[in-house]
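The values are calculated or read from the model by the stated rules, or taken from the named source; none is laboratory data. From a predicted model like this one, the values you see are computed outputs, not experimental measurements. Using ideal geometry, Cβ is built from the backbone for each residue, glycine included, and neighbour counts are taken over all protein chains shown.
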Amino acid sequence: MKLNSLILFTALLLVSFIPTDSSSLYKPSEQLQELFEAVQLSNIFPDSKTFVDCEAKYAPEEIVKKYRQQKKRKDFNLQQFVLENFNLPEHAGGTFTSNLQLNMAEHILNHWDYLTRPADETEPYSSLIPLPYNYIVPGGRFREIYYWDSYFTMHGLAASGRMDLFENMLNNFAYQIDELGFIPNGNRTYYLSRSQPPFFSGMVRLFQHHKGTPAALAYLPHLVKEYNFWMDGLREVNENAPAQKHVVRMPDGSILNRYYDLKPEPRPESYSEDVKLAAHLQYEKEKQLLYTDIRAAAESGWDFSSRWFADGKSLETIETTSIIPVDLNSLLYQLENTISEFYLASGHGENAEKYEALAQKRQQALEKWLWDNGRQFYVDYNFRKKKHIPSLTLAAVYPLYFELASEERAGLVSKKLVEDFLKPGGLVTSLVETGEQWDYPNGWAPLQWMAIKGLEAYDMPELSQEISSRWLRINRKVFQETGKMMEKYNVVDTTLVGGGGEYPLQDGFGWTNGVDIALINPE
């Protein structure tokens, strides 16, 4: 099928992408007006996320009115005012105390219930978007469901025999697609301008593995709607305007995708950090571009990493929206293939062929634009600068995980993993130490999983097992020393735990638990 025909076919599908109106939801950054800015810039709370997770006791307009009246008083105390008008959020870890008599696997199985939240009740002045079924939260400061975290958590639930909770989480994501038109970063109103890496098709595939194709076909409409969200903007791109929302038209006319966020303003949950970062910029347009790139990196899940930085070192040079990422396009390849397979299974052969052709075109474009011949590795591409980014990262394992790489290229990727990325505690995320959490020396559970399973798919069991053994070893060590499962680990110096980023190290932790128990109890 010709590329123009494929673009027309996809554009016609995009007519169905009409997100639900969310104007009735409580949005602190908008409804609290100058009070919001005052609180976030006052450092009342060490973590900017705390205030946006607070539940207002009264209507926002009433609180703002009181604030305007009382702030003029000499004895006005902003912290006291906040405590009088808002309920503080609870810590997502609850009151759980680890039983150090348990081994790590037993702890994980015991811990699912403590990370489970019941179906939400609608609260008019909460930023939480209510979900109809119970779900797992990551833990720590993360009190809500997160999109891409949940994919790896769900692997662990399946390995733990908790398919009931697995299915509830899957249905919560389907519900969000139905109600909102897409899956947001997390079920908070301040996340409504962006998504996260699109793992919904992976969740459905895993459900299909356990429950069969007929049951999984119920999610075909949601898969199509998710695809339409990511391809929104396709009709507007052309040679002179190559980028629109998530869609980028490459110089040869092929279509790839980028991370993007709809709001060019500071993130409400990291407001003071973003304002401080942009303070040196003179013009409002410069600040808006910076905020968009920051938010796009948050959509990637890699917030933050040298892969998004122009100089490969500093957050101030972030340029996420200029970059075509290996991981995102591998995920969309899987989404296109899944839709094709499901259309075929439901008797719609013509639609199946069209999505199969879209997947093939994406695979060809990914292999052309995101493979660096010089470094023999999959590398993100800056379409504005017309060159690959300087950073090598573990995003390169995604083409192996989704089995779109050739045997030769998979072998070259594995070679570099051994030479440069493999450390005592597993695979390091990048080769650059920037102080950001998605860089050297940190290792993350989802990337270990993608690498381990990707290498297995290309019949490299020895390297796969070595990575798994090193990762589980450091996880067990930290658990035995602290009684906790961590969000990330220092895989270079195994005497340390992990660090970097905008917030302290979190324990809990949903996706680490999920990956570890799935490695310990393989199907």
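Quick notes on this one:
- ILE183 meets all of the listed conditions (1) part of a helix (DSSP H, G or I); (2) of a type in the set (A, V, I, L, M, F, W, C); (3) buried (at least 23 other Cβ atoms within 10 Å of the Cβ) but one, namely (1).
- Meets criteria (in contact with a helix residue (DSSP H, G or I) (Cβ under 6 Å, 6 or more places away or on another chain) and either modelled with pLDDT of 95 or more or assigned to a helix (DSSP H, G or I) (or both)) for ALA216: yes
- Residues in the stretch 380-412 that are under 22 Å from ALA310 (Cβ atoms), hydrophobic (A, V, I, L, M, F, W, C) and surrounded by 22 or more Cβ atoms within 10 Å (Cβ to Cβ): ILE389, LEU392, LEU394, ALA395, ALA396.
- Test for ARG235: is it closer than 30 Å to LYS49 by Cα and either surrounded by fewer than 23 Cβ atoms within 10 Å (Cβ to Cβ) or at pLDDT 95 or above (or both): no
- Residues that are in contact with a His (Cβ under 9 Å, 6 or more places away or on another chain) and either of a type in the set (D, E, K, R) or touching a residue at least 40 places away in the same chain (Cβ under 8 Å) (or both) occur in the stretch 141-148; there is at least one.
- For the residues TYR271, TYR260, the requirement of being within 23 Å of the chain's Cα centre (by Cα), in contact (Cβ under 8 Å) with a residue 40 or more places away in the chain and farther than 20 Å from LYS245 by Cβ singles out TYR271.
- Among the residues making up the stretch 504-523, a single one is among the charged types (D, E, K, R) and in a helix (DSSP H, G or I): ASP516.
- Criterion (under 23 Å from GLU367 (Cα atoms), of a type outside the set (S, T, N, Q) and surrounded by 14 or more Cβ atoms within 10 Å (Cβ to Cβ)) met by exactly one of VAL275, VAL248, VAL224: VAL248
- Annotation note: Cβ proximity below 8 Å between a residue of the stretch 311-323 that is touching a residue at least 24 places away in the same chain (Cβ under 8 Å) and closer than 14 Å to ASP439 by Cα and a residue that is of a type in the set (A, V, I, L, M) and part of a loop (DSSP other than H, G, I, E, B) (sequence gap 6+ or interchain) occurs for GLY312/ILE389; GLY312/VAL432; LYS313/VAL432.
- Looking across the stretch 75-92 at every residue that is at pLDDT 95 or above and part of a loop (DSSP other than H, G, I, E, B), the one that is farthest from GLU30 (Cα to Cα) is identified as ASP75.
- Residue check for ALA445: of a type in the set (A, V, I, L, M), in contact (Cβ under 8 Å) with a residue 60 or more places away in the chain and crowded, with 22+ Cβ neighbours inside 10 Å: yes
- Selection over the stretch 23-57 of residues that are part of a loop (DSSP other than H, G, I, E, B) and of a type outside the set (Lys, Arg) gives a count of 15.
- Qualifying residue in the stretch 339-346 (condition: in a helix (DSSP H, G or I), in contact with a strand residue (DSSP E or B) (Cβ under 7 Å, 6 or more places away or on another chain), touching a residue at least 40 places away in the same chain (Cβ under 8 Å) and closer than 30 Å to PRO221 by Cβ): no
- Check on PRO197, within 30 Å of VAL52 (Cβ to Cβ), in contact with a Gly (Cβ under 6 Å, 6 or more places away or on another chain) and not in a strand (DSSP E or B): yes
- Looking across the stretch 477-499, just one residue is outside any loop (DSSP other than H, G, I, E, B) and basic (Lys, Arg), and that is LYS477.
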